[in-house]
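In what follows, a structure is listed as structure tokens, so that the remarks can point back to it.
The values are calculated or read from the model by the stated rules, or taken from the named source; none is laboratory data. A quick note: this is a predicted structure, and the numbers were derived from the prediction, not measured. Positions of Cβ are backbone-derived with ideal geometry, glycine not excepted, and every protein chain shown enters the neighbour counts.
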Amino acid sequence: MLKAHWLKIVRLQILPHHPSLRFRHAPLTNVKKFANNKIEKILWQRGFSFISGLDEAGRGAFAGPLVTAAVILPKKRIIGLRDSKQTTEKEREYLAEIIKRTAISWAVGISNVDEINRIGIQDATYLAFSSSIEYLKTPPDHLLIDFYNLPNSSIPQTSVIKGDAISQSIAAASIIAKTTRDKIMRKLSNMRQYREYQFANNLGYGTEEHREAIVKSGQSDCHRTKYCLRVH
């Protein structure tokens, strides 16, 4: 059983008059970063029923798609859920299966490299977020988004600073987005035309070995054109 101090979260400051509420929290110190549903409870008490967490994976990569996920969880907590960046690959795969079995609804949205190159990473992120929301079988009545405000959305939303570390819904979306994108990059890595880039190891991010491969062999059709200009 988890110790209470592992689940401790610092005081939240709610800014009620902002059109999209923002939750801010002080730095976590000496606390295991397990997410909880304290923010969700506030929204449930305000009458919202289907709160969807949203997060993305792959925004800073040199290659491959940007993947977002939307997850609506029930009021039951998932113990051990936290930001995907704080988990191992095995932990993420385990948590992803629990999330998929437990969630009221979940979906992913993908912006491919052509879209990223054509409209830019910011608009591609918004596009993928909108797709993941649209694909949910249960329409959400409130959005919890890690850091972002989603423009032109008619659904009430809350931007949460470092939300994947403190909100269970956003942490769940973080896990689904990350595991989905990692599988895509590993499949690309097995294709002959991409093997030299070692996507299975770097997942498309700008590691030293990846940069060297781009300098040596040039960009593939999986690379984001503007990003890769940095390596030269």
Top-ranked residue in segment 212-225 [being under 22 Å from residue 124 (Cβ atoms) and in a helix (DSSP H, G or I); ranked as farthest from the chain's Cα centre (by Cα)]: 214
Checking residue 214 against (1) out of contact with any Asp or Glu (no Cβ under 9 Å at 6 or more places or on another chain); (2) at pLDDT 95 or above; (3) surrounded by 17 or more Cβ atoms within 10 Å (Cβ to Cβ); (4) more than 12 Å from residue 70 (Cβ to Cβ), the condition it does not meet: (2)
Among (1) touching a His at 6+ places or on another chain (Cβ under 8 Å); (2) assigned to a helix (DSSP H, G or I) - the single one residue 155 does not satisfy: (2)
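The rows are residues; the columns are (1) buried (at least 16 other Cβ atoms within 10 Å of the Cβ); (2) without any contact (Cβ under 8 Å) to a residue 12 or more places away in the chain; (3) in a strand (DSSP E or B).
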position	(1), (2), (3)
71	yes, no, yes
76	no, no, no
82	yes, no, no
92	yes, no, no
114	no, yes, no
118	no, yes, no
123	no, yes, no
148	yes, no, no
Residue, surrounded by the most Cβ atoms within 10 Å (Cβ to Cβ), within segment 179-211, restricted to residues that are among the β-branched types (Val, Ile, Thr) and modelled with pLDDT of 95 or more: 179
All positions within segment 41-78 that are of a type in the set (D, E, K, R) and under 29 Å from residue 124 (Cβ atoms): 55, 56, 59
